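A short write-up of the structure that comes next.
The values are calculated or read from the model by the stated rules, or taken from the named source; none is laboratory data. Because the structure is predicted, anything quoted here is derived from the model rather than measured. Heads up, the Cβs are rebuilt from the backbone with ideal geometry, glycines too, and the neighbour counts pull from every protein chain shown. Accessible surface areas use protein heavy atoms only, side chains included; no ligands, DNA or RNA. Shrake-Rupley method; radii C 1.70, N 1.55, O 1.52, S 1.80 Å.
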Amino acid sequence: MNNKTSQERSGFLFNVDILIEGSTNAETLQALLALLNTSDKVVDLRINSGIELGKVIESALASMKTNYVEKSKANLSAAKGFQAKAAAAAQTAAAATVAKALSQASSHLTPDDIRDSISKNRLVRVVVNKPGGNRLSIPCRILNFDEPAQMLSVYHVDEKQVYSFSLNEIDELSGQ
């Protein structure tokens, strides 16, 4: 059993909104704390709202974060633009290299002719100069043309095998 006498002390919790006049939030907060701390009856206190200290710091941090995000987006956009320009330049250079290699291999052959042979499944003869001076004449169908890698994949119709050649290995490519 819990028998309380009238002499025992108890604590009570109050939730209070207090309006204090002052020129700044810091000044009024100091006045409130002084008022509450002068009484020996206040055992503990907690201020739940009204403190505006650090607002300048918070706004500066938010501004820095916004600037960082904007700069990051601008840098990312610039990097993507640079990558797109570099990719376009690389494609142009690869196409020029392919065209040069094809013109060296056969004066009348173009990448469009190769793609046309692939789409029509046309039988062609490829003369390849392998290392060591070996020349091969292969009746074949072109399966794939990889312009950036400058590779040509062909299906040898007699041997029923697939071969891949670099464009600089091909001396001649003619339709049959």
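Solvent-accessible surface of segment 124-169, taken per residue with a 1.4 Å probe and all protein chains present: 55 Å². Taking amide H atoms as placed 1.01 Å from N in the peptide plane, the amide H of LEU143 lies under 5 Å from those of SER153, VAL154, TYR155, each 5 or more residues away in sequence or on another chain. Projected label points at ASN67 and ASP171, each 7 Å from Cα along the beta carbon direction, are separated by 6.9 nanometres.
Pairs of Cα atoms nearer than 8 Å and 6+ residues apart set the relative contact order; for segment 119-176 it is 37 percent. Model label points for LYS130 and ALA149, set 7 angstrom from Cα along the Cα-to-Cβ axis, are 2.0 nm apart.
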